[in-house]
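Reviewing the structure listed below.
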């Protein structure tokens, strides 16, 4: 199968990659496909999106953009499971969510990463739609202050295992049954909060 079009809404989180169930991937995208049996590739991007949220004890305003190149292919030996690969980047800009015109400090997070669904394993031949997927999301990011100076940088890897019902329709997408995420190298939330609070207050 090859992808003709991909429509994605993926709000990247403040720092590390999100779970497999909330980002572009072969297992959660519903896409328009044509029988071709070849690798398919499509750009993924967003217009700037804004939202208020509470983060690290502060009322903040988040503006985010993301882009990438997403490819999808059938898993070897399967007509039901598909594997995705996404080279992505995103930018998140945080400001205080207030009406004070003199408050113009911001924190900018820039990140790029490589998300790959590595393997799909049929768990039980009597249930031909239930697969276990193994995924890896490796990313690096940089945090800049209002003056443009680098405040923090780091990298990490998230190793993800999911159990998934492909629904038996021969299309990417389906229903998540279970997900386990193990992260390596990412800082604690407190590290990001220390930088955010210091910059915005």
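Rule-based calculations on the coordinates, nothing more; no lab input. Model, not experiment: these values are computed from the prediction. Backbone-built Cβ (ideal geometry, glycine too); neighbour counts: all protein chains shown.
Tell me, in nm to one decimal, what length is gained between residue 103 and residue 177 on full extension, where the rule is 0.36 nm per residue of separation less the Cα-Cα distance?
Result for the pair: 22.2 nm of gain on full extension.
Can you give the Kirkwood hydrodynamic radius for region 53-201, in Å, rounded to one decimal and based on Cα pairs?
Hydrodynamic radius (Kirkwood, Cα only) of region 53-201 equals 17.8 Å.
Given 0.36 nm per residue, what is the gain on full extension from residue 193 to residue 65 after removing their alpha carbon distance, in nm?
Separation in residues times 0.36 nm, less the Cα-Cα distance, equals 44.0 nm.
So, R0 is 45 Å and r is the distance between the beta-carbons of residue 165 and residue 58; what FRET efficiency does that work out to, to 0.05?
FRET efficiency, residue 165 to residue 58: 0.70.
Distance between the C-alpha centers of region 156-201 and region 66-89? Whole Å please.
A separation of 17 Å, based on Cα centres.
Which of the peptides 142-154, 43-55, 160-172 is most tightly packed, and how do the rest follow, judged by the mean count of other Cβ atoms within 10 Å per residue?
My ranking of the peptides, most packed first, is 160-172, 142-154, 43-55.
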